[in-house]
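The values are calculated or read from the model by the stated rules, or taken from the named source; none is laboratory data. Quick caveat: nothing in here was measured; it's all calculated off a predicted structure. Cβ placement follows ideal geometry from the backbone for every residue including glycine, while neighbour counts extend to all protein chains displayed.
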Amino acid sequence: MQITLKILRRESPDTSPYWQSIPFQTEDENATVATALTNINSGNGLTDTEGNAVRLPIQWECSCLQKKCGACAMVVNGCPVLACNAQLKQFGKSSTITVEPLRKFPVVSDLVTDRSIIFENLKTLRLWFAQQAQTDGDIAYESSRCLQCGCCLEVCPNFYAGGEFFGMAGFVPISRILTALPESQKQELCQAYRKRLYEGCGKSLACRNVCPAGIDIDKLLINSNAVAVWKRFFRKR
Amino acid sequence: MQSVNIIGAGLAGLSTAITLAEQNVSCRLISLQPSERAQSVLAEGGINASLNTMGEEDTTEYHFQDTMKGGVYLADPNAVDALTKGAPQILQWLEGLGVPFHKKNGVIMLRNFGGQKKKRTAYAKSSTGKILMTALIDEARKFESAGLIRRFPHHEFLRLLMNEGICAGVRVRDRYTGQIWDFSGKVLLCSGGMNGIFPHMTTGTTQNSGDVTATVFSQGALLGNLEMLQYHPTTIGISGKRCLVTEAARGEGGRLYIMRDNQKWYFMEEKYPELGNLMPRDVVAREMYFVRRKYGGSVYLDMTGLSKETWEQKLSDLRDEIIQYLAIDPKTEPIPVKEGIHYFMGGIDTDEFHCTNIPNLYASGECTCQYHGANRLGGNSMLGALFGGRKSAQTILQDVQDVSSDFPTESLVRENEPYTEEASPILIESISQILLEGLGIVRNAEQLTQSLKKLKSLSQERSYNLREQNRLKLAEAMLLSALERRESRGAHYREDFPEKDESFRKVTIACRKEEQISITFRNLPERRSSCKSP
Ligand SMILES: Cc1cc2nc3c(=O)[nH]c(=O)nc-3n(C[C@H](O)[C@H](O)[C@H](O)COP(=O)(O)OP(=O)(O)OC[C@H]3O[C@@H](n4cnc5c(N)ncnc54)[C@H](O)[C@@H]3O)c2cc1C
Ligand code: SF4
Ligand code: SF4
Ligand code: FES
């Protein structure tokens, strides 16, 4: 397989980004964008398609290499994906693949972005149990699977870093807590749910199709809405 | 009161941080990446505790005995005693944090795991690590918000700050800004296994580079049982790494076979009628190696006999994963499996209270040489990380008053720091190759000596930066430890010394002074009589 990775490079936030096309050849049928980045980084004296030296390493983040940690989220051919789950063969045997950092977060260097805001938002939501709790098995399980990768936020028309609306990366983890709190402790979190999640969401579910963990978003939403939105609605009447 | 510096935010780091915070002691939780990216999220099959919910009359004493036997009596019996007695409480704690374990009528269900005669492993399908981590991360967030846990989620350990032989703090680098900081206070290492020493061959993450262990080794910390690498018997090759097929697959009824005279031979069941496919991992991996050497071809894992219910309720995620990576549906077709480097029983040497030989330096989790002896039982390492985290926090709490340090609490470093230069991927690969040749499933003096020679000539090839030098030294210590243990025990199998030798029932200790590495053996304590069950 002979492909070209067209990578949006940037040394640091203070420098300007530029595109660099780097050829990559492999016999590995299952090679992914992550494989390509690893291999390119372990070479030296590499030149790009225009004969310029490639500044190594190409900065990117990874950890598990099996789509379980969310570290390697980036934009490949326009779509947010996990690099370790983006098999090259799906793009054709000799093609050019564009690779960019996630666009919703500040770039640190090359493909590394600072996704701290995702975690900050969970803090703002006050996402924890104040006291011991028993969770609903299925919902808690599904909710716990969120990788906090940010792919969903990338396609969300209503999310921007620092904004009021927290997106699916907030919707998913909140359901473990929300559906398990005793009635007396629910109020504050329900309010946060409505303000930071429910009210800002256009419900197009563009996010659902890109979630690399394949989280059953519908199921979680139905349950959380039942707790935080509809119950209140019914109670009022 | 001074803050405690925790390096690593996996299960061990989180467990320590939460325990300290529960007692109003603050800590810095420093990690290369956020907790969501730690290797702990990869853990699949489950966590052990003798909850005795399956009507099998399990007890903590049985858990103790299985753990000691599985580790071929190379673990500290007093530490294991505390671990196994503490396990049910750990599970209770986790349940209270809202971990959705697999339950029936509100009771936690347990599954079979290797090396254990009773069902003792609690689980959440085969994503147990991820599910536990989410609960702990949420719990830690509560204390972050209260200011008791301060996270440094993209900060790299560079080295310990030492003051006349005492650990006075830690130097770290912010990987996003490049800034270097000195943090004073006690240091607890929870930096995980040394998987990154074996890229491509490990089921874990290469982000656990082993650099922390290599660096503290160069600064005087003793390392124990470095020769004890666990090869997991059932892994599959995927691009760039080995992907684990959890032991739960066999726990739920999966069977290993090889083709012999055109027939499926279920060799484990024939050779070990009692535990069969669920013998401890060292035994299974070795048997697989031997049958392959004799009959050629692959060993297969046959899960076709598992019930529909098991696939749906207990292993659906595993099935999806295998279909994705191998394009084989394990429900209808056996899959070829091979060993991969999975766990490090050896590491930073500590006593049962998680103190290292350096005052004010502690360690817990997979980076330590604790609880598992010569072979770790599946399900015992998450337990070890969580229990060890709580235990080390208790130790720190006991002597937290006597903290003193000449370093300012937090200061930006402006001088040049040589430790920021990373090891070259080419060197990492070369070291890995040399180690794999010497530290295979079956070892002998000749191969080990050969590997040591190759390592020596590699060391002399060019000049290396500090991290590279430390890696080379750590690799040398691993080979020397394996060479000096002239017996076979657990994961360490020597063709030239195939028997267990009681005189070696001791911890292999590696000590580095400048360029010199010495290997000695430390005696294990006896189990205190107060620990024994009546
Ligand atoms: C695929 C797989 C499946 C497993 N399944 C099971 C199972 O079913 N049951 C079980 O009991 N065990 C299992 N294990 C083992 C278990 O997951 C680990 O032993 C355990 O999670 C280790 O936890 P830890 O906190 O010690 O380390 P980790 O979770 O590895 O955390 C290490 C931390 O240290 C940080 N770190 C590393 N280097 C640096 C540095 N230089 N600077 C700063 N920070 C650093 C990392 O960022 C991370 O936060 C499995 C392991 C793997 C790989
Ligand atoms: S449904 Fe639409 S608006 Fe709501 S989180 Fe998903 S992408 Fe964003
Ligand atoms: S919901 Fe899916 S896409 Fe969004 S952060 Fe979680 S795992 Fe990633
Ligand atoms: S490296 Fe973990 S998801 Fe890609």
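So here's what we get for this one:
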item	result
Residue among B:Ser451, B:Ser432, B:Ser411 that is under 20 Å from B:Gly204 (Cα atoms) and hydroxyl-bearing (Ser, Thr, Tyr)	B:Ser432
Residue match in the range B:163-171 (condition: surrounded by fewer than 24 Cβ atoms within 10 Å (Cβ to Cβ) and in a loop (DSSP other than H, G, I, E, B))	yes
Those helices (runs of 4 or more DSSP H) lying entirely in the range B:364-465 with at least 2 residues more than 23 Å from B:Leu42 (Cβ to Cβ) and in contact with an Asp or Glu (Cβ under 6 Å, 6 or more places away or on another chain)	B:445-459
Within the range A:111-147, considering residues that are surrounded by fewer than 21 Cβ atoms within 10 Å (Cβ to Cβ), polar (S, T, N, Q) and modelled with pLDDT of 95 or more, the one farthest from ligand 1 (Cβ to nearest atom)	A:Thr124
Tally, over the range B:104-144, of residues that are part of a strand (DSSP E or B) and more than 19 Å from the chain's Cα centre (by Cα)	5
Selection status of A:Cys207, away from ligand 4 (no atom under 16 Å from the Cβ) and either assigned to a helix (DSSP H, G or I) or free of Cβ contacts under 8 Å to residues at least 24 places away in the same chain (or both)	yes
Only listed residue being over 30 Å from B:Lys308 (Cβ atoms), away from every other protein chain (no Cβ under 13 Å) and in contact (Cβ under 8 Å) with a residue 60 or more places away in the chain, chosen from B:Gly220, B:Gly204	B:Gly220
Filter result for B:Gly13 (surrounded by fewer than 24 Cβ atoms within 10 Å (Cβ to Cβ) and either on the phi > 0 side of the Ramachandran plot or at pLDDT 95 or above (or both))	no
The range A:148-177, residues that are within 16 Å of ligand 4 (Cβ to nearest atom), assigned to a loop (DSSP other than H, G, I, E, B) and more than 10 Å from chain B (Cβ to nearest Cβ)	A:Gly150
All positions within the range B:52-66 that are surrounded by fewer than 23 Cβ atoms within 10 Å (Cβ to Cβ) and not aromatic (Phe, Trp, Tyr)	B:Asn52, B:Thr53, B:Met54, B:Gly55, B:Glu56, B:Glu57, B:Asp58, B:Thr59, B:Thr60, B:Glu61, B:Gln65
3 or more residues over 20 Å from the mean Cα position of the chain (by Cα) and over 28 Å from B:Thr368 (Cα atoms): qualifying helices (runs of 4 or more DSSP H) within the range B:217-299	B:267-271, B:281-295
Test: residue in the range A:162-174 that is near ligand 3 (Cβ under 9 Å from one of its atoms) and either basic (Lys, Arg) or not assigned by TED's automatic domain parsing to the domain that holds A:Asn225 (or both)	no
Only one of B:Gly96, B:Gly129 that is crowded, with 24+ Cβ neighbours inside 10 Å, within 11 Å of chain A (Cβ to nearest Cβ), out of contact with any strand residue (DSSP E or B) (no Cβ under 6 Å at 6 or more places or on another chain) and not hydrophobic (A, V, I, L, M, F, W, C)	B:Gly129
Selection status of B:Leu326, within 14 Å of chain A (Cβ to nearest Cβ), surrounded by 15 or more Cβ atoms within 10 Å (Cβ to Cβ), under 21 Å from A:Gln66 (Cβ atoms) and of a type in the set (A, V, I, L, M, F, W, C)	yes
Those residues of the range B:233-277 which are surrounded by 24 or more Cβ atoms within 10 Å (Cβ to Cβ) and away from chain A (no Cβ under 14 Å), in sequence order	B:Pro233, B:Thr234, B:Glu247, B:Ala248, B:Ala249, B:Arg250, B:Gly251, B:Gly254, B:Leu256, B:Met268, B:Asn277
Members of the range B:167-224 that are of a type in the set (Lys, Arg) and touching a Ser or Thr at 6+ places or on another chain (Cβ under 7 Å)	B:Arg173
B:Gly193 vs. criteria surrounded by 20 or more Cβ atoms within 10 Å (Cβ to Cβ), within 12 Å of chain A (Cβ to nearest Cβ) and either touching a Gly at 6+ places or on another chain (Cβ under 9 Å) or farther than 16 Å from B:Ser31 by Cα (or both)	no
Given (1) touching a helix residue (DSSP H, G or I) at 6+ places or on another chain (Cβ under 6 Å); (2) of a type outside the set (Asp, Glu); (3) closer than 18 Å to A:Ala86 by Cβ, number of the condition A:Ser42 does not satisfy	(3)
Total residues in the range B:290-304, condition surrounded by fewer than 22 Cβ atoms within 10 Å (Cβ to Cβ) and out of contact with any strand residue (DSSP E or B) (no Cβ under 7 Å at 6 or more places or on another chain)	5
Top-ranked residue of the range B:19-36 - restricted to ones that are within 11 Å of B:Leu397 (Cβ to Cβ) and surrounded by fewer than 21 Cβ atoms within 10 Å (Cβ to Cβ), ranked as farthest from the chain's Cα centre (by Cα)	B:Asn24
Of the criteria (1) farther than 23 Å from A:Trp230 by Cβ; (2) touching a residue at least 24 places away in the same chain (Cβ under 8 Å), which one A:Leu178 fails	(1)
